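First up is the structure itself, then whatever we jot down about it.
The values are calculated or read from the model by the stated rules, or taken from the named source; none is laboratory data. Note that the structure is predicted; figures quoted are calculated from it, not measured. FYI the Cβ positions are ideal-geometry reconstructions off the backbone, even for glycines, and counts take in every protein chain you see.
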Amino acid sequence: MDKQAYMYELIEKWEVSGLSKKDFCHHHGITRSNFYYWIKKWKNRKSEAPDGFVDITPDKAAIFHSQYRLRYPNGVQLEVSGIG
């Protein structure tokens with residue numbers, strides 16, 4: 001495993017650890033300055049990645065004749081109907 005992959009894995013472990021950066025670094029034997037450097041690189045990498053959403057343009061006929069219903073276990077219901 002290269003250095004970048006190792007540090008990114010450590011950052012992901014830190015996120016779910018509940019520890020402060022200081023305590024996490026102390027526990028893993030890394031300097032805080034080094035850890036902050038890799039967090040910055042990791043955040044920049046994440047912001048450049050696509051967010052997982054894709055723009056779509058539905059057919060107009062589908063908009064006019066569509067109906068969506070969402071029901072939660074507690075009985076709350078949301079219903080959206082197309083125009084027309």
* Report yes if some residue within region 19-32 is β-branched (V, I, T) and within 22 Å of the chain's Cα centre (by Cα); otherwise report no. => no
* Would you mind stating whether K41 is of a type outside the set (G, A, S), touching a Phe, Trp or Tyr at 6+ places or on another chain (Cβ under 8 Å), surrounded by 11 or more Cβ atoms within 10 Å (Cβ to Cβ) and modelled with pLDDT of 90 or more? => no
